[in-house]
Amino acid sequence: MSYGDVNCLICGAPLVYFEEARELVCESCGKTSLAWCACENGHYICDACHRSSGVRTAMELCKRSDSKDPIEIAMEIMDQAVIYPNGPEHHTLVGAALLTAYRNSGGGIDLDAALAELEARSLQVPGGTCGFWGTCGAAVSAGMYWSIITGASPMTVDTWGQTQRLTSRILGKLADIGGPRCCKRTGFTAIREAAAYTQEMLGVQMDMPQRIRCHYHHRNYECLKEHCPYYPLKG
C-alpha cells in the first residue's frame, strides 16, 4: 500500500492506497463497493458521493458560460468549494469545459445535449484510473469531448482514429511530466492539447492563456512544484 497526502473528507487523516481492491462501506451513503483506498482510520467515501456536488456544479456553470477559453471555464469550476484537489469530478470537468468553449467558439453542437451525454459517460470512469488503469481520467474526458463533437463510435472510421490520437497525445504529455497524480496538472494538460488538436483538425480556435498558472498547488501536498509546467513560481 502507499500513502497519499490529500486527506480524508471525514477526519482529515492521510489516505492509504491498496494494492488490491477491498469491499468497503461508504461513510456518506452507506453503500458497499469495491475500493482501492481509504484513510488510515478506515473511512471511505465512494466515487458517487465524492463527485456528485462537483459534477452538478460543473454542469450548471458550463450551461451559463459564454467564455471561449476552456482553461478559464475549468478554473472557474475548480474554484468552487465542492471541487476537491483530486477526484473523479475532474473526469467530467475537463470534457465539460472543452465542450462549452467549443460551442462558444463557433462549434456547431447542442451544448445541453452534449453536456448530458458527457456526464453520462464520464460517471462511468472511477477515481484512480491514472494509476490503476494506465490511462488518466483527464485524457479520457478529453477523448469523450472529441467523440461527442465528431460523432465517433466503435464503428466509425476516421473519427475513431482521431479520438485515439487525441488521447494518446495527451497521455504522452502526461507521461513526460510524470507523477504522482494531480488532477489539476493532468486537467490543464488535457485541455491544452485538446484545444490545439481542435484547431488543427476542425479549424475551431478557442481562446487560451499565454501561460497557465495553477493557483491550487497549496491544496495539494503532492504538488511537483518547479517540476510542474503550471507551477506559478516556476521561472
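The residue of segment 47-77 that is surrounded by the most Cβ atoms within 10 Å (Cβ to Cβ), among those that are in contact with a helix residue (DSSP H, G or I) (Cβ under 7 Å, 6 or more places away or on another chain) and of a type in the set (A, V, I, L, M), is 58.
Please determine whether any residue of segment 207-226 is within 21 Å of residue 118 (Cβ to Cβ) and in contact with a helix residue (DSSP H, G or I) (Cβ under 9 Å, 6 or more places away or on another chain). Even if it seems obvious, please write down each step before you answer.
Pass one, segment 207-226, residues within 21 Å of residue 118 (Cβ to Cβ): 207-208.
Imposing the further condition that a residue be in contact with a helix residue (DSSP H, G or I) (Cβ under 9 Å, 6 or more places away or on another chain) reduces the set to 207-208.
Yes - at least one qualifying residue is present in segment 207-226.
Looking only at residues in segment 145-182 that are surrounded by 19 or more Cβ atoms within 10 Å (Cβ to Cβ) and of a type in the set (Gly, Ala, Ser), the one that is nearest to the chain's Cα centre (by Cα) is 147.
Within segment 183-235, restricting attention to residues that are of a type in the set (S, T, N, Q) and farther than 19 Å from residue 109 by Cα, which residue is nearest to the chain's Cα centre (by Cα)? So, considering only residues that are of a type in the set (S, T, N, Q) and farther than 19 Å from residue 109 by Cα, the one nearest to the chain's Cα centre (by Cα) is 186. Residues of segment 113-134 that are assigned to a loop (DSSP other than H, G, I, E, B) and of a type in the set (Val, Ile, Thr): 125 alone.
Where a number appears in this text, it was derived from the coordinates with a stated rule and is not lab data. If you're wondering where the values come from, they're calculated on a predicted model, not measured in any experiment. So basically every Cβ, Gly included, is an ideal-geometry build from the backbone, and we count neighbours across all protein chains shown.
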